[in-house]
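Structure record follows, encoded as structure tokens.
The values are calculated or read from the model by the stated rules, or taken from the named source; none is laboratory data. Since we're looking at a predicted model, the values are computed, not measured. For neighbour counting, all protein chains shown are included, and Cβ atoms are generated from backbone atoms with ideal geometry for every residue, glycine included.
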Amino acid sequence: MSKFVRPVLVMAACTAIGTLLINQLSVTDIAMLYLIGVGIVAARATRRQAAVTAVLSVALFDFFFIPPRFTFTVEEQHYLVTFLVMLATALVISWLAEQVREGAVAARAREQGTAALSPMSGELLAAWAFQAWEPAGLGTSHVPETPIIYLPLVGTHGRLGVLEGRPADPARFRDPAVRWLLQTFAAQAGLALERVTLAAS
């Protein structure tokens, strides 16, 4: 039952504000006040809590503000349409709020999963680039969504290693001209590394 405390408190606050300002606000204004309350609850509540809040908002609006007041009797039938619109709007607000929350939770889960797998993915991509003699990662044909690019360092006598690039602006590395310059640099670096290694031996 405690999970419905917040909806009840928010709706009670809307009723109190509406009662205090009843002479300054129209019936439509008070209806909007309840919808704001539903939105506040829906932003943090479950779908069930939001649905209960929506029904409660209509019931309180009817009881306290629709003539005859302090009864659930409705003299003017057009208010029934108002109730249905309020209820439908409140339920849509609660549904949309839940969709936004679920999307945010899914996005956080994807980010956490990507962060957890990032070191492993980096090692696998670097190994693939070394074995395949091909670039991998950012902007390449192999796992292009990775924010890091791996370029094999190749000399005249074979593979020497992998050059890892972590750009501050990943979007620039998706430009074919930039990737060509990188690959050219990696090729020159491979030859230079080979010469240093041969000289040292």
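Of all residues in region 1-17, those that are of a type in the set (Val, Ile, Thr) have Cβ atoms under 6 Å from Cβ atoms of residues that are at pLDDT below 95 and part of a helix (DSSP H, G or I), 6 or more apart or on another chain, in Val10/Gly37; Val10/Ile40; Val10/Val41; Thr15/Leu60; Thr15/Phe64.
Results for (1) within 25 Å of the chain's Cα centre (by Cα); (2) closer than 17 Å to Ala88 by Cα, shown as yes or no for each residue.
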site	(1), (2)
Leu9	no, no
Ala13	no, no
Ala31	no, yes
Ile36	yes, yes
Ile40	yes, yes
Ser57	no, yes
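Please count how many residues of region 159-201 are outside any helix (DSSP H, G or I) and among the hydroxyl-bearing types (Ser, Thr, Tyr). Qualifying residue count for the region: 1.
For the condition surrounded by 20 or more Cβ atoms within 10 Å (Cβ to Cβ) and modelled with pLDDT under 85, Ala31 does not qualify. Taken as a whole, the structure places Phe70 among residues that are surrounded by fewer than 20 Cβ atoms within 10 Å (Cβ to Cβ) and free of Cβ contacts under 8 Å to residues at least 40 places away in the same chain.
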